[in-house]
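Since every read-out is calculated from the coordinates, none of them should be taken as a lab result. What you are looking at is a predicted structure, and each value in this text was computed from that prediction instead of being measured. Quick reminder, even Gly has a Cβ in these numbers, built from the backbone with ideal geometry, and neighbours come from all protein chains shown.
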Amino acid sequence: MATLSEKPGQRYTVPDWHTNSHLISADAEHQRSASHRIRQEGRVLSNETNNQAKWDEHDNRTRLAERISGVTRWKETLDKCLADINAEIDGLAKVKEAAECALQAKNLPLDVSIECLTLRESRCAIDLVGDSVSEELHKEVKVIEKAKRELQEKVREAFEQLCLLQEARQQLSSDHRDKVEALDIDLNCLSLSVNSPNISFKVNPTRVPGGSVTVDEWERYSQCNKERAEAEMKASTLLREATQLTIAQTNNELEAQRVATEFAFRKRIRDLDRAYDELKWQEKNTLEEIAEMEKDIQRLEADFRRKIQDLKVAHTRLETRTCRSNMELCRDQVQYGLTDEVRELEGSIRVLKQKLAESQDALDALYRQHHRIQKDMGYKANSLMLDNKCMDIRKKLLVPAEKPVPQLDTFNRTSNRPLSPPSSEQRALA
């Protein structure tokens with residue numbers, strides 16, 4: 001008789017079958033809900049990132065445009081400054097050339113004056129006296145030499161100022177070239193877009209380049225270059241005016257007259273007397289100040305030593321209190337007070353040490369000044385002796401009143417011109 005075969009395995013009930021169907025439906029609903037939520041979040045994220053990228057790119061384009069505008073303004077400023085400094089260099093070079101010509105022109109009158117003095121040395125016997133003509137010739141030589149020194153100094157200053165102007169121009173030119181290059185780079189960056197053919201990923205593009213500076217430093221650098229160029233141009237303008245004035249003054253001084261030598265000696269002796277008395281008074285005050293400074297230094301040293309001892313006491317107290325046991329080792333008000341005391345004492349010691357060094361430097365300076373005053377007093381005493389001796393010797397140079405002055409120059413065979421009247425300055429000094 002045939003038998004019914006059954007498939008081996010677990011048999012489920014109808015409720016299990018319904019439960020499984022409900023679970024599959026619930027899982028499907030859950031997955032669809034999660035998928036819908038993720039899709040919505042993706043759309044929101046896409047919109048947000050698109051908007052953010054759009055606005056970031058817009059903001060950076062605006063920043064690039066503003067940066068280009070700022071660099072352009074500075075470039076134009078440097079253009080004007082370069083034009084001004086080039087004009088100033090040309091003007092100063094012309095004035096320097098004029099000063100060199102004026103310096104060269106002083107050689108002829110100097111040669112004439114020296115030749116006249118050399119010829120007058122050929123006079124013999126009683127005619128070999130220091131008369132007014134010799135004095136005027138010597139004065140003329142001194143005036144010409146002084147004028148040459150002043151003109152030479154102006155030529156030297158003009159040369160140095162030209163070097164400074166050229167250095168400032170070089171700095172401006174370098175800054176100008178950098179700004180032109182930066183403009184080209186920023187304009188190229190401004191022209192880039194997603195459709196540009198030369199865009200690509202770079203290695204670590206957000207790194208801070210070595211040697212980069214802040215915007216304030218960039219601004220200060222260009223401002224300093226501009227201010228330096230303006231300062232050099234202002235100094236050059238003043239030097240040009242001073243050089244032109246010196247040229248005019250030296251030409252006028254060749255015709256001016258000096259105060260009489262005897263009056264200059266008397267005035268010099270009076271000045272030396274006053275200077276000697278002033279030095280005596282300065283020496284007295286300096287010695288008093290040295291004594292006061294030495295006392296103050298001693299007081300400061302005593303205060304310094306006391307502060308050292310006080311600091312030792314505070315240190316010892318703090319160190320001793322570290323031996324407290326268990327909960328007694330607390331940071332109480334005494335601990336804070338001792339700590340503050342140590343800090344105050346250390347600050348006081350630093351200040352006292354600095355003040356001691358300053359006081360000692362001041363005392364050394366006073367000693368040097370006292371030595372300088374004593375040396376200068378010796379110079380003044382020696383000058384007074386020499387000037388008084390010169391005044392006695394110069395009495396031998398006076399031309400006797402009865403000796404007639406020749407009216408005819410035997411060398412040039414021309415009549416002597418009358419002396420010009422004294423100037424108002426000479427009358428005032430007399």
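Okay, here's what the table says:
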quantity: Under the Karplus curve 6.51 cos²θ - 1.76 cosθ + 1.60, θ = phi - 60°, whole-Hz ³J(HN,Hα) for region 38-44, x wherever Gly or Pro sits; calculated: 5, 4, 5, 4, x, 5, 4
quantity: Restraint check, Lys54/Lys179; Lys75/Lys226; Lys96/Lys148, Cα-Cα greater than 20 Å; calculated: Lys54/Lys179
quantity: Using θ = phi - 60° and Karplus 6.51 cos²θ - 1.76 cosθ + 1.60, couplings along region 243-250 (whole Hz; Gly, Pro as x); calculated: 5, 4, 5, 5, 4, 5, 5, 5
quantity: Neighbour net charge for Ile24 - beta-carbon separation under 14 angstrom, K R +1, D E -1; calculated: -2
quantity: Gyration tensor (alpha-carbon) shape descriptor, region 269-320, a/c threshold 1.5; calculated: prolate
quantity: Charge sum, other residues only, whose C-beta stays under 14 Å from Asp184's C-beta, Lys/Arg counted +1 and Asp/Glu -1; calculated: +1
quantity: Region 1-106 shape via C-alpha gyration tensor axes, a/c threshold 1.5; calculated: prolate
